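Below you'll find the structure, written out as structure tokens, and then a few comments.
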Amino acid sequence: MDGYNAFMLVATLLVLMMTTPALALFYGGMTRSKSVLNMMMMSYAAMAIVGIIWVLWGYSMVFSDEGGIDTFFNSPFANFALDGVGYDGYTFMMFQLTFAVITTALISGAIADRVKFSAWLVFVPIWATLSYFPLAHMVFGCTDGALICSQIGAQDYAGGTAVHINAGVAGLVLALVIGKRVGFGREPMRPHNLTLTMLGAALLWVGWYGFNVGSIVFSDDLDASDQFLAETGLTFANTTLATMAAIIGWLLVEKVLHGKATTLGAASGIVAGLVAITPAAGAVNILGALAIGLVSGALCAWAVGLKFKLNYDDSLDVVGVHLVGGIVGTLMIGLFSVTAGEGDNIAGGAVDGLFYGGGLGSLVDQLLGVLVAVAWSGAATLLIALAIKFTMGWRIDEESEVEGIDFDQHGESAYDLHTSLSSGSGGLAAATRPDPATRTEGARA
Amino acid sequence: MKLVTAVIKPHKWEDVREALETFGVTGMTVSEVSGYGRQKGHTEVYRGAEYDVALVPKIRLEIVVDDGDADDVAGIIVTAARTGRIGDGKVWTSPVDSVVRVRTGDRDSTAI
């Protein structure tokens, strides 16, 4: 058991790394240079806020087995501030904390460049409470009454519904409620630093092993060490192969549609594949993983163009990558799931999918799981988005947006590349500049 | 005296510099500039979104020479900078009234 705990501590650190720095770099590089700090700050702020409310009432809503409405969530007070949670449960509690953090941070990609930092700080804890914690209970809490896991019986290994569909739908709703960036579709909004994005994508990939491989579940009727060996091996291999296939899928679509395979396409393919294999990592074999990766890479590459056709500004493609990728992975479990068996085949899913003789049952369950996630997340996010819109308001003013949200909201700029012109001639600000009178006296003396 | 100004492709800069040094040009001013000609800029694609980038990077040379050398210098630049593809650039000459070397006060031809 000591070994298992050590493994879970490492997995937890890896998932923690996915939000900061990985997601912050991935998103930060894709924004314009005048917005990169605000983009990164949304990840850092999500980490701080969601982490704190997770230990206060989030963990209790998801995993306590008393009070509340077991179908959707449990009592926020049963284990408030981890009351009644023994230290031996802390590693698992912290692992799950990192999931809550990154799910919330993912949403920020849909609203780059234009949202008051204060509005984000208000949105984050309310959204985590009303959308993430309930969906996490329905999927990961998995008590007898939990809707997606138990009542519907949809499989979701590491969070296709609770994490990616949830964040993707939230991104779509926010993009629609908040509106487009000034100049969207008219002015160039090119990524300002694709090397940051490439680094972020690679770090996300590494961190994702904590996400998927760390989501191991033990069943009572199997030998624990055999199952640990088989399941971690399977999820590690599936996570890797699906991602590789998704890179190929994305680049093929790009080459056909636009003539060139791009760097941003490769980085995006990585994330699309990781998203899609997340719910399926423990349920499919290598062929299933390759198929899921290839399809998600290709479909997401196509889906990121939807925002221009449908005219909504999901700035960094949270919808195109996380919602579409999450749905692809969650549904394809219904096709490729293989049942866990004995011996060599000890790891695997709960049921056989359509392609393995299981009929349509699993596919229908998966579809129901998707629908519940879309409906819950859509309703919760819309409620919060409208409440903020009609009270404090979401947007910074247009002039500040054009000048750059970094300076407007944080009083900083990310880069100082022209020192001779921009800071040299301006000199120190009045507050820190030596008093001219004193200076003159000094010179006379 | 003439001022020869050339706007060339950045990757031809070394070829042009070598050719001018071989000819005997002793100094020049070089800047990194951006602009476009009849071909306009180029198109970049990010996640399927196409952006027209109007300005492309170029190198601008400014060389002051004696009247008799102006055509030769312009010709050398044209030969060395030519790739035959679109966007190779332009060379033009213009008259210069006077030149003073700041360090010595030398004027005109002596100052070049």
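A few notes on this one:
- Whichever residue in the stretch A:398-435 is polar (S, T, N, Q) and either surrounded by 10 or more Cβ atoms within 10 Å (Cβ to Cβ) or modelled with pLDDT of 95 or more (or both) and, among such residues, is nearest to the chain's Cα centre (by Cα): A:Gln409
- Enumerated strands (runs of 3 or more DSSP E) restricted to the stretch B:1-88, each holding at least 3 residues that are away from chain A (no Cβ under 14 Å): B:2-8, B:29-35, B:56-65
- Of all residues in the stretch B:1-56, exactly one satisfies the criterion of being of a type in the set (A, V, I, L, M), surrounded by 14 or more Cβ atoms within 10 Å (Cβ to Cβ), within 30 Å of A:Glu254 (Cβ to Cβ) and touching a Lys or Arg at 6+ places or on another chain (Cβ under 8 Å), namely B:Val45.
- Scoring A:Arg186 on the criteria (1) in contact (Cβ under 8 Å) with a residue 40 or more places away in the chain; (2) under 30 Å from A:Ser413 (Cβ atoms) leaves a single failure, condition (1).
- Selection from the stretch A:300-317 of residues that are in contact with a helix residue (DSSP H, G or I) (Cβ under 7 Å, 6 or more places away or on another chain) and more than 10 Å from every other protein chain (Cβ to nearest Cβ): A:Tyr312, A:Asp313, A:Asp314, A:Ser315
- Counted residues, the stretch A:258-273 - those being facing chain B (nearest Cβ under 7 Å) and more than 26 Å from A:Tyr209 (Cβ to Cβ): 2
- Subset tally (residues that are in contact (Cβ under 8 Å) with a residue 40 or more places away in the chain and acidic (Asp, Glu)) for the stretch A:189-230: 1
The values are calculated or read from the model by the stated rules, or taken from the named source; none is laboratory data. Everything numeric in this text was worked out from a predicted model, so none of it was measured. Note: ideal-geometry Cβ built from the backbone for every residue, glycine included; neighbour counts use all protein chains shown.
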